[in-house]
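Only one structure is covered here, and it is reproduced in the block below.
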Amino acid sequence: MASVTSLTSAVHQRLANALSAALPESADADPLLRRSDRADFQANGILALAKKAKTNPRELAAQVVARVTTGDVIGDIEVSGPGFLNITVTDRAITENLAARAADADGRLGVPYAEHPGTTVIDYAQPNVAKEMHVGHLRSAVIGDSVVQLLEFTGENVVRRHHIGDWGTQFGMLIQYLDEHPHELDHKASEVTGEEAMSNLDRLYKAARRLFDSDEEFKTRARRRVVDLQAGEPHTLAMWQKFVDESKIYFFSVFEKLDMEIRDADIVGESGYNDMLAETCRLLEESGVAVRSEGALCVFFDDIKGPDGNPVPLIVQKSDGGYGYAATDLSAIRDRVFNLKANTLLYVVDARQSLHFKMVFETARRAGWLGEDVTAYQLAFGTVLGKDGKPFKTREGETVRLVDLLDEAIERASAVVREKAQDLSEAEIAERGAQVGIGAVKYADLSTSANRDYKFDLDQMVSLNGDTSVYLQYAYARIQSILRKAGGTRPAAHPELGLTEAERALGLHVDAFAETVAEAAKEYAPHKLAAYLYHLASLYTSFYDKCPVLKAETPQQTENRLFLCDVTARTLHQGMALLGIRTPERL
Ligand code: ARG
């Protein structure tokens, strides 16, 4: 076990020990330790404890101080105000802590694994077959990917599920059209680029739609196709498969552009649950969880009513016998709980689908598929807005194509990289441009809390000043350049040296990485990690402004500062990786 006890928990432990010695009845009381501006930490828990024990808080605080072990981790502890404790840790403890992190052979910077990992099935990156991907799909993919990285880093067993929209009535129309115009998708998958695949699908979709709207007989044939598809008629299925395959070429090209690993085996779309739908409905009906209403199979909820005051049901099966989105999601729950043995079901889906998930989860609870031991949670995300604060649309009012946005981000980022580039070749500029551009898009998404809307503003996203990924990437690259100048060998720590304020602040923040990661993973909150990293880069910048590294007072001090640079860079690199963002060595 290479995990490192953080300074926060070391101080916490010493305080808790002193507290239970001073006040035995409060053996496991929380001293409420916080980082503070006045000292390194402040403990605010004494006040409430003293009140409970009916003693004077300042006296209790003084007794705790008298019993605290100092000298190793805690350098100084004093009572302040009505009974707070201000705690300063020793310079040595800071440097030794960072040295232990740097020495972690697992390369995890001493971050411990979660004590009780479980299995999480995460549903994210779920575009729809034969349709363009839009910014909503971007959010699900970007947030989901980061949450996967965070959870896996804490040791959670993560099963990824890309619940793509690959089933439903529109396929009747598409398949019928393709069947009547068989040469339209006649090519080997390997010969088609993502862009071509999408334009093929788009063309087919439009042509099929035109025919469907103008030709009654085609409409009838298309409807019959839906029935064939759901019944699994082999020829119809083969045609359907062509659409899925063509779409996947396109999806994979977008995910690749997003620098994101999506595995084919994890794509289990709506169609994957087709065999379970009838049984799901039967179980719901037999248990009385769902009832027939005007021919449809419905689940009702006391607290869910429409604007007219009438209850809004979850429709599991339509009156024509067709199964919809809800039946698929309920079947997926059964699969994820009973076959995949999930303890947690996580759905990274647009907030506009929150009512759907509320009803689906409640139905699954009533049916006994979601027991007390399983958590189901929608990590709901807000809408992407244009610069004008309205939902993001093209000037013509159409949804913006995701690929166009990504290409523009890469183009803007390449311009920024080119302008600053000193010793980069054209090929390097192109590569860094992509890493910076995609990083900018991801970071803008991940740095606000997921449930909030955010503005898609490329000017802001690729700005070098402010809370952007470019700022973080430059901080990282600058550190690498210093380390290269210093000779490129891994610098050693010198715990015997005293530290300046800027060094202490940086060191204490590096130490907080483990706690930040644990919190971000537990709360599915990548934005907390993003905020941490931005703060880290800012603290590094002020350290660098105030403390000469290569021209420090002694060779030991130079090496210790290089060591600080190195451990900061490794923390930045690891943190950015958990957000799915690259940190180029040179920029
Ligand atoms: N394909 C859906 C959409 O584009 C998202 C699927 C969400 N996941 C789910 N299990 N329903 O809106």
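Remarks
- Of all the residues in region 134-186, those that are part of a loop (DSSP other than H, G, I, E, B), crowded, with 18+ Cβ neighbours inside 10 Å and either more than 15 Å from the chain's Cα centre (by Cα) or within 12 Å of the ligand (Cβ to nearest atom) (or both) number 6.
- Flag if Glu261 is exposed (fewer than 15 other Cβ atoms within 10 Å of the Cβ) and either touching a strand residue (DSSP E or B) at 6+ places or on another chain (Cβ under 9 Å) or at pLDDT 95 or above (or both): yes
- Residue in region 209-227 that is surrounded by 15 or more Cβ atoms within 10 Å (Cβ to Cβ) and within 37 Å of the chain's Cα centre (by Cα) present: yes
- Scanning region 335-383 for residues that are more than 22 Å from Val299 (Cα to Cα) and basic (Lys, Arg) yields a total of 1.
- Matching helices (runs of 4 or more DSSP H) fully within region 271-370 where at least 2 residues are away from the ligand (no atom under 16 Å from the Cβ) and not assigned by TED's automatic domain parsing to the domain that holds Leu150: 277-286, 354-366
- Contact map, region 397-419: residues that are within 24 Å of Glu196 (Cα to Cα) and touching a residue at least 24 places away in the same chain (Cβ under 8 Å) paired with residues that are assigned to a helix (DSSP H, G or I) and not aliphatic (A, V, I, L, M), Cβ distance under 6 Å, separation 6+ or inter-chain. Pairs shown: Leu406/Lys257; Ala409/Gly437; Ile410/Gly433; Ile410/Gly437.
- Under the condition of being out of contact with any strand residue (DSSP E or B) (no Cβ under 8 Å at 6 or more places or on another chain), surrounded by fewer than 15 Cβ atoms within 10 Å (Cβ to Cβ) and either in a helix (DSSP H, G or I) or of a type outside the set (Asp, Glu) (or both), the residues counted in region 376-410 number 7.
- Among residues of region 312-326 that are surrounded by fewer than 18 Cβ atoms within 10 Å (Cβ to Cβ), those with a Cβ under 8 angstrom from a residue that is of a type in the set (A, V, I, L, M, F, W, C) and in a strand (DSSP E or B), sequence gap 6+ or separate chain, pair up as Lys318/Ala296; Ser319/Ala296.
- Residue, nearest to the chain's Cα centre (by Cα), within region 371-390, restricted to residues that are more than 30 Å from Gln460 (Cβ to Cβ) and within 15 Å of the ligand (Cβ to nearest atom): Tyr377
- Residue check, Tyr532 surrounded by fewer than 21 Cβ atoms within 10 Å (Cβ to Cβ) and assigned to a helix (DSSP H, G or I): yes
- With respect to being within 30 Å of Gly507 (Cβ to Cβ) and modelled with pLDDT of 90 or more, Ala29 falls outside the description.
- Any strands (runs of 3 or more DSSP E) falling wholly within region 1-103 and containing at least 2 residues that are of a type outside the set (A, V, I, L, M, F, W, C): 33-35, 74-80, 84-89
- Subset of region 371-396 [without any contact (Cβ under 8 Å) to a residue 60 or more places away in the chain and either closer than 17 Å to Leu314 by Cα or of a type in the set (S, T, N, Q) (or both)]: Thr375, Gln378, Thr394
- Residue, nearest to the ligand (Cβ to nearest atom), within region 113-133, restricted to residues that are in a loop (DSSP other than H, G, I, E, B) and surrounded by fewer than 19 Cβ atoms within 10 Å (Cβ to Cβ): Lys131
- Taken as a whole, the condition of being away from the ligand (no atom under 15 Å from the Cβ) and either surrounded by fewer than 20 Cβ atoms within 10 Å (Cβ to Cβ) or not aliphatic (A, V, I, L, M) (or both) applies to Ser449.
- Residue tally, condition without any contact (Cβ under 8 Å) to a residue 24 or more places away in the chain and surrounded by fewer than 18 Cβ atoms within 10 Å (Cβ to Cβ), over region 280-296: 7
- When every residue of region 453-471 is checked against the conditions, none turns out to be in a helix (DSSP H, G or I), in contact with a Cys (Cβ under 7 Å, 6 or more places away or on another chain) and either at pLDDT 95 or above or not small (Gly, Ala, Ser) (or both).
The values are calculated or read from the model by the stated rules, or taken from the named source; none is laboratory data. Every value quoted in this text rests on a predicted model; they were computed, and no experiment measured them. Glycine also receives a Cβ, built like all others from the backbone with ideal geometry; neighbour counts cover every protein chain displayed.
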